[in-house]
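Okay, so here's the structure we're looking at.
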């Protein structure tokens, strides 16, 4: 029986690759057969241990230092990926930035930095891989957030705006590029276990408030989000494009 989730022979670039979710995505994509480039802003030397830890059956990801908010660096990433992987079939836009601040205290710099990385960066990368996908098709998955579809009372106005823009971009790119057999979808996670969330959850009142908003009563795991991304990146979702897959334990039901 065919494994519709297999990524064997596929070449993937994952931005935000040194983050909690990015590393899990890298591991799972390797497990399912993909060749992977992880990209992030940390120096390559500091990423060496991470790359070694992600090795699967003698296969490990490449690493490329890249600030996705910089178009020239994105061009370098795409060139590196195409050269070392032999092509680009999959792009996962997972790079993110958000320094929480309530709107009345939000600075122009905070708004600009968040938008440049979360929205502009996703566009730069998508536009960058287009020439490599135009002839044979490909898959782009944008990692958004439930902050794009519901309000959150924690100083995320700038982040919500950027992620909502990402969802609009997802739908438009899906329409424009369907004729090239390029599928573009998004994942919108709710609260899931990362270092920053675990730190915040040490505050009992904050933890109680967060969990009260999740019908399933817990945060999700990076693996649960990554497996949803795997679904959208694989042939298992071959007739899906322009869709946003919400993974939030029921938070957005009400």
(message) Contact list please: Cβ distance under 7 Å, first residue in region 243-254 and at positive phi, second residue assigned to a loop (DSSP other than H, G, I, E, B), pairs at least six apart or on different chains.
(response) 249/190; 249/214; 249/215; 249/216; 249/218; 250/214; 250/215; 250/216
(request) Select, from 228, 236, 162, 178, the only residue that is assigned to a helix (DSSP H, G or I), touching a residue at least 40 places away in the same chain (Cβ under 8 Å), crowded, with 16+ Cβ neighbours inside 10 Å and out of contact with any helix residue (DSSP H, G or I) (no Cβ under 7 Å at 6 or more places or on another chain). (result) 228
(message) Just to verify a result, which residue in region 10-41, among those that are at pLDDT 95 or above, out of contact with any helix residue (DSSP H, G or I) (no Cβ under 7 Å at 6 or more places or on another chain) and part of a loop (DSSP other than H, G, I, E, B), is nearest to residue 137 (Cα to Cα)?
(response) 10
(request) Could you check residue 139 against (1) in contact with a strand residue (DSSP E or B) (Cβ under 9 Å, 6 or more places away or on another chain); (2) over 24 Å from residue 5 (Cβ atoms) and say which number it fails? (result) (2)
(request) Confirm whether residue 128 is assigned to a helix (DSSP H, G or I), crowded, with 19+ Cβ neighbours inside 10 Å and in contact (Cβ under 8 Å) with a residue 60 or more places away in the chain. (result) no
(message) Can you report the number of residues in region 210-223 which are crowded, with 16+ Cβ neighbours inside 10 Å and either assigned to a loop (DSSP other than H, G, I, E, B) or in contact with a strand residue (DSSP E or B) (Cβ under 9 Å, 6 or more places away or on another chain) (or both)?
(response) 5
(request) Note down all Cβ pairs under 6 Å where the first residue falls in region 98-124 and is exposed (fewer than 13 other Cβ atoms within 10 Å of the Cβ), the second is in a helix (DSSP H, G or I), and they're at least six residues apart or on different chains. (result) 103/157
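Could you say which residue among 1, 50 is surrounded by fewer than 17 Cβ atoms within 10 Å (Cβ to Cβ) and without any contact (Cβ under 8 Å) to a residue 40 or more places away in the chain?
Details: 50 fails: surrounded by fewer than 17 Cβ atoms within 10 Å (Cβ to Cβ).
Going through 1, 50 in turn, the sole match is 1.
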(request) Of the conditions (1) buried (at least 20 other Cβ atoms within 10 Å of the Cβ); (2) in contact with a helix residue (DSSP H, G or I) (Cβ under 8 Å, 6 or more places away or on another chain); (3) within 20 Å of residue 226 (Cα to Cα), residue 170 clears all except one; give me its number. (result) (2)
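When you scan region 90-113, do you find a residue that is within 26 Å of residue 226 (Cβ to Cβ) and in a helix (DSSP H, G or I), even just one? Spell out how you get there, then give the answer.
Pass one, region 90-113, residues within 26 Å of residue 226 (Cβ to Cβ): 90-100, 113.
Add one more test, that the residue is in a helix (DSSP H, G or I), and what stays is 113.
Yes, there is a match, as at least one residue in region 90-113 is within 26 Å of residue 226 (Cβ to Cβ) and in a helix (DSSP H, G or I).
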(message) What's the total number of residues in region 42-71 that are over 18 Å from residue 86 (Cβ atoms), at pLDDT 95 or above and assigned to a strand (DSSP E or B)?
(response) 1
(request) From 91, 7, 85, grab the single residue that is crowded, with 18+ Cβ neighbours inside 10 Å, out of contact with any helix residue (DSSP H, G or I) (no Cβ under 7 Å at 6 or more places or on another chain) and in contact (Cβ under 8 Å) with a residue 24 or more places away in the chain. (result) 85
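The values are calculated or read from the model by the stated rules, or taken from the named source; none is laboratory data. Since this is a predicted model, take the numbers as computed values, not measurements. Cβ coordinates were reconstructed from backbone atoms using ideal geometry, including for glycine residues, and neighbour counts include every protein chain displayed.
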